[in-house]
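The values are calculated or read from the model by the stated rules, or taken from the named source; none is laboratory data. Note that the structure is predicted; figures quoted are calculated from it, not measured. All Cβ positions, glycine included, derive from the backbone under ideal geometry; neighbour counts span all protein chains shown. Note: areas computed on protein heavy atoms with side chains; ligands, DNA, RNA excluded. Shrake-Rupley method; radii C 1.70, N 1.55, O 1.52, S 1.80 Å.
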Amino acid sequence: METLQKRGILIVEDNDINREMLKEILSDSYHVTEACDGIEGLTKLRENLDRLSLVLLDMHMPRMNGYEFLEERKKDSLLCSVPVIVTTGSNITEAEEKSLSLGASDFVTKPYNPRIILRRIEAIIRLKESISSLEAIERDSVCGLYTKDAFYFHVSNGLRQTDKSFDMMMFYIEDYQHIAVRYGQNLTTDLIKYIAESIMKYDGVIACRYDQDKFFLLREHTECNHKELTKEFDINLHKNSPIPDFSIKYGIYNNIPHDIPLAEIYDRLSITVSEIKRQYDKNIALFDNEVIATTKRIRQIEECMEQALADGQFSVYYQPKHDAETGKISGAEALVRWIHPEYGFLSPGEFIPLFEQNGFITGLDFYVWEKVCNHIKMWLKENIPPVPISVNASRRDFIATDNLKKLTLPIEKNNIDKKYLHLEITESGDVNDNFLIEKIGKIRDTGINIELDDFGAGQSSLGTLCDIPLDVIKIDISFIRNLEKQKEIVRTIIALAHALGLKTVAEGVETEEQISILKSMGCDSLQGYYYSKPLPEYQFREYLKKELA
Amino acid sequence: MTTEEFYTAIGGDYSDAKSRLINDAFMVKFIGKFINDKNYEELKKCLESGDFDTAFSYAHTLKGVSLNLAFKKLSEACVALTDALREPARKTLTNEKASELLEAVTEEYNVVTENIKTLCG
């Protein structure tokens, strides 16, 4: 135990008496390893590298003397991580200077004075250890770039001290989680290291790993075509990469202002990049002033969203779905609306993607779910027979460990039948991961129907239909808008769904013509302005009453 | 014989030894070891064969050890010899001068070793 707790010191000294004297002086406080000359010293240093805190080196030795030892040590940066104190027999300053220039940290002269030796050793070890711990905070342990904090420190200090112009860049690895699941931790780590190495080859750049999937770079401004350079960088990056198919989105902010906080620059770049998210033909975005307005707007929304939820500013609207065959109401989709006392009506197209990004969506989704359960209970009480209500769920909702309980609790509390509740999940790149599939399966097992939203848009995969436990698919609105042109595709989707035992819903239905086409194809339910716009609860209950009368 | 008497007998610096060498037991232990130190013999051999280069090494080490043990007179004799053997002084060092300096070291060395035998029994 004791030897583990004590720091290790290597004494390299040829004379037995001197060496044993040092050992005796040190062994109360340190674990001592001995070597009789430079060659043995180097061997012992290599062997005990991780256990040694210091080397005490005599200069005058046979075979390999202290100077030669220091020369050899200099060639290996690992060996240099252990500091050296030189013991000199003489007080010739030339010898001391020479040893210091070869990398020794300090020297002590003979005759040995135990108190002075112990104090010098302690000081050097403490200095070295404080520098190492500083380095550990400075550098990302995986890739060696600056950490977020160190980058912040160096950049904000640097900017304060200069009038020069700088450009900031952000590199963002798309679908990082997906890559990590697909390729495993080792390959993903290799990818991070590889990207970091490529970044370091950039001339005159300082860079950090900001998040696991995000890098920031700062470079003195040059009048060059950043877009071209970045394109070239991206091509080279993909040439020798440990993982073949990954995509990086690049954000470039030329001439960053010096008078606004760095955090604001980060935000502006993040927003710049988020605007090309999931656009497969674009991977480079340049900051422009419109982003400032967007950033401001996002700030505003984020500042008031929690209060809005607490104040009940979010309300649930219902858009009816009708049976294609009978024309009767067969369900409704619950949609969230936000009317802010100051900003007025806020578009879900604006706040939903933001909430999905910042995680607030989960709280909102469960809030809507609870509201819907309350409404159903209310309708039942008033003898209005409910229809199944589809509630949207973000994939983030499934990460919450207690998500199943959060879904079932309001149903049980209100004592309503689970058949009245459908969960709409959106197809996305990672909907396939096993974790998600398992979670969805468990929800479906309770009796809640699962609907797959926006089918056919973006990254649809037919495999999804078999992997995810489903009841209904909703054909993406883009097919209905171009129904005339994409008739055959829609027909096939419906046939496929039916073959798999799934029902189909078409949304965005606006015309009689669309209805007759979809009906002829056997589509089960229709939703859209032809029937009704989304209605607030008090109007929807009237709609229900009228429909079912 | 006490350590103080020992240091007086060999022309050592007892107060220096006392301030640096922790305690009496430590002192006696390392003084005793000096008997087995081979630097003096090796130094003598080298000088007799005219190998000044290697001789310097031994003289230097002997100087260091006697300094550490506070053998003042011996270390002073060693300093004189070491300085003479160090470059560039070595170039003008004659064999006569070298034996003269060694003689001084030998004299002190013998005093020290004789007294160590008394001290350590």
Pairs, first farther than 19 Å from A:Gln185 by Cα in the stretch A:236-252, second assigned to a helix (DSSP H, G or I), C-beta under 6 Å, six or more apart | A:Leu237/A:Ser198; A:Lys249/A:Val273; A:Tyr250/A:Thr230; A:Gly251/A:Leu269; A:Gly251/A:Thr272; A:Gly251/A:Val273; A:Ile252/A:His226
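Just checking, does the stretch A:293-306 include any residue being in contact with a helix residue (DSSP H, G or I) (Cβ under 9 Å, 6 or more places away or on another chain), assigned to a loop (DSSP other than H, G, I, E, B) and modelled with pLDDT under 95? Can you show your working first?
Going through the stretch A:293-306, the residues in contact with a helix residue (DSSP H, G or I) (Cβ under 9 Å, 6 or more places away or on another chain) turn out to be A:294-295, A:297-299, A:301-302, A:305-306.
Those still in the list that are assigned to a loop (DSSP other than H, G, I, E, B) too: none.
No.
Count, please, the residues in the stretch A:106-144 that happen to be touching a helix residue (DSSP H, G or I) at 6+ places or on another chain (Cβ under 8 Å), in a helix (DSSP H, G or I), open to solvent by less than 60 Å² (accessible area, probe 1.4 Å) and among the aliphatic types (A, V, I, L, M). Quick ask: steps written out before the conclusion?
The initial filter retains those residues of the stretch A:106-144 that are touching a helix residue (DSSP H, G or I) at 6+ places or on another chain (Cβ under 8 Å), namely A:106-108, A:110-114, A:117-118, A:121, A:137-140, A:142-144.
Filter again for in a helix (DSSP H, G or I), leaving A:114, A:117-118, A:121, A:137-138.
Those left that are additionally open to solvent by less than 60 Å² (accessible area, probe 1.4 Å): A:114, A:117-118, A:121, A:138.
If we keep only those that are among the aliphatic types (A, V, I, L, M) too, we end up with A:117-118, A:121.
Number of matching residues: 3.
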Could you give every pair whose Cβ atoms fall below 9 Å, whose first residue belongs to the stretch A:8-32 and is free of Cβ contacts under 8 Å to residues at least 40 places away in the same chain and more than 12 Å from chain B (Cβ to nearest Cβ), and whose second residue is open to solvent by less than 20 Å² (accessible area, probe 1.4 Å) and in a helix (DSSP H, G or I), counting only separations of at least 6 or pairs across chains?
-> A:Val32/A:Leu22; A:Val32/A:Leu26
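Quick grid of which residues meet (1) open to solvent by less than 10 Å² (accessible area, probe 1.4 Å); (2) more than 27 Å from the chain's Cα centre (by Cα); (3) under 30 Å from A:Ile489 (Cβ atoms); (4) modelled with pLDDT of 90 or more:
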| residue | (1), (2), (3), (4) |
| --- | --- |
| A:Ile384 | yes, yes, no, yes |
| A:Arg395 | no, no, yes, no |
| A:Tyr420 | no, yes, no, yes |
| A:Asp445 | no, yes, no, yes |
Which members of the stretch A:162-173 meet the condition of being farther than 20 Å from A:Lys148 by Cβ and either crowded, with 16+ Cβ neighbours inside 10 Å or basic (Lys, Arg) (or both)?
-> A:Lys164
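Yes/no per residue for (1) within 13 Å of another protein chain (Cβ to nearest Cβ); (2) open to solvent by 10 Å² or more (accessible area, probe 1.4 Å); (3) touching a residue at least 60 places away in the same chain (Cβ under 8 Å); (4) closer than 23 Å to B:Ile10 by Cβ:
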site: B:Thr54; (1), (2), (3), (4): yes, yes, no, no
site: B:Lys63; (1), (2), (3), (4): yes, yes, no, yes
site: B:Ala70; (1), (2), (3), (4): yes, no, yes, yes
site: B:Ser99; (1), (2), (3), (4): no, yes, no, yes
site: B:Glu107; (1), (2), (3), (4): no, yes, no, yes
site: B:Asn110; (1), (2), (3), (4): no, yes, no, yes
site: B:Lys117; (1), (2), (3), (4): no, yes, yes, yes
Tally the residues that are outside any strand (DSSP E or B), under 30 Å from A:Ala499 (Cβ atoms) and not hydrophobic (A, V, I, L, M, F, W, C), restricting the search to the stretch A:511-549.
-> 12
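Take the stretch A:469-494 and flag every residue that is buried (at least 19 other Cβ atoms within 10 Å of the Cβ) and assigned to a loop (DSSP other than H, G, I, E, B). Reasoning before the result, please.
From the stretch A:469-494, those buried (at least 19 other Cβ atoms within 10 Å of the Cβ) are A:470, A:472-476, A:479-480, A:483, A:490, A:493-494; that's our starting set.
Of everything in the stretch A:469-494, those that are buried (at least 19 other Cβ atoms within 10 Å of the Cβ) and assigned to a loop (DSSP other than H, G, I, E, B) turn out to be A:Leu470, A:Asp476.
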Condition broken by A:Ser156, with the remaining ones in (1) touching a Leu at 6+ places or on another chain (Cβ under 6 Å); (2) in a strand (DSSP E or B); (3) of a type outside the set (A, V, I, L, M, F, W, C) satisfied | (2)
Could you tell me whether the stretch A:398-413 includes any residue that is in a strand (DSSP E or B), over 25 Å from A:Val181 (Cα atoms) and touching a residue at least 40 places away in the same chain (Cβ under 8 Å)?
-> no
Every pair of residues 6+ apart whose Cβ atoms lie under 8 Å, when the first sits in the stretch A:53-68 and is facing chain B (nearest Cβ under 9 Å) and on the phi < 0 side of the Ramachandran plot while the second is among the hydroxyl-bearing types (Ser, Thr, Tyr) and open to solvent by 10 Å² or more (accessible area, probe 1.4 Å) = A:His60/B:Ser57; A:His60/B:Thr61; A:Pro62/B:Ser57
Return the residue satisfying two criteria in turn: it lies in the stretch B:72-97 and is outside any helix (DSSP H, G or I) and more than 22 Å from A:Lys110 (Cα to Cα), and of such residues it is nearest to the other protein chains (Cβ to nearest Cβ).
-> B:Pro88
Of (1) open to solvent by 20 Å² or more (accessible area, probe 1.4 Å); (2) within 10 Å of chain A (Cβ to nearest Cβ), B:Ile35 satisfies every one except (2)
Test: residue in the stretch A:285-308 that is free of Cβ contacts under 8 Å to residues at least 40 places away in the same chain and under 30 Å from A:Leu544 (Cβ atoms) | yes
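If you check A:Tyr202 against the conditions, is it assigned to a loop (DSSP other than H, G, I, E, B), at pLDDT below 85 and open to solvent by 80 Å² or more (accessible area, probe 1.4 Å)? Spell out the reasoning first.
Values: assigned to a loop (DSSP other than H, G, I, E, B): yes; at pLDDT below 85: yes; open to solvent by 80 Å² or more (accessible area, probe 1.4 Å): no.
Taking the combined requirement at face value, the residue does not satisfy it.
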Any residue in the stretch A:409-416 that is of a type in the set (S, T, N, Q) and surrounded by fewer than 16 Cβ atoms within 10 Å (Cβ to Cβ)?
-> yes
Reported set for the stretch B:2-24 where residues are open to solvent by less than 20 Å² (accessible area, probe 1.4 Å) and either within 11 Å of chain A (Cβ to nearest Cβ) or of a type in the set (Phe, Trp, Tyr) (or both) is B:Phe6, B:Tyr7, B:Ala17, B:Arg20, B:Leu21
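Considering only the stretch A:177-199, how many residues are touching a residue at least 60 places away in the same chain (Cβ under 8 Å) and either closer than 22 Å to A:Arg139 by Cα or surrounded by fewer than 17 Cβ atoms within 10 Å (Cβ to Cβ) (or both)? Let's see the steps before the verdict.
Of the stretch A:177-199, the ones touching a residue at least 60 places away in the same chain (Cβ under 8 Å) are A:177-179, A:181, A:183.
Filter once more, keeping what is either closer than 22 Å to A:Arg139 by Cα or surrounded by fewer than 17 Cβ atoms within 10 Å (Cβ to Cβ) (or both): A:177-178, A:181.
Summing the residues that are touching a residue at least 60 places away in the same chain (Cβ under 8 Å) and either closer than 22 Å to A:Arg139 by Cα or surrounded by fewer than 17 Cβ atoms within 10 Å (Cβ to Cβ) (or both) in the stretch A:177-199 gives 3.
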Does B:Glu100 satisfy the condition of being more than 8 Å from the chain's Cα centre (by Cα) and not in a helix (DSSP H, G or I)?
-> no
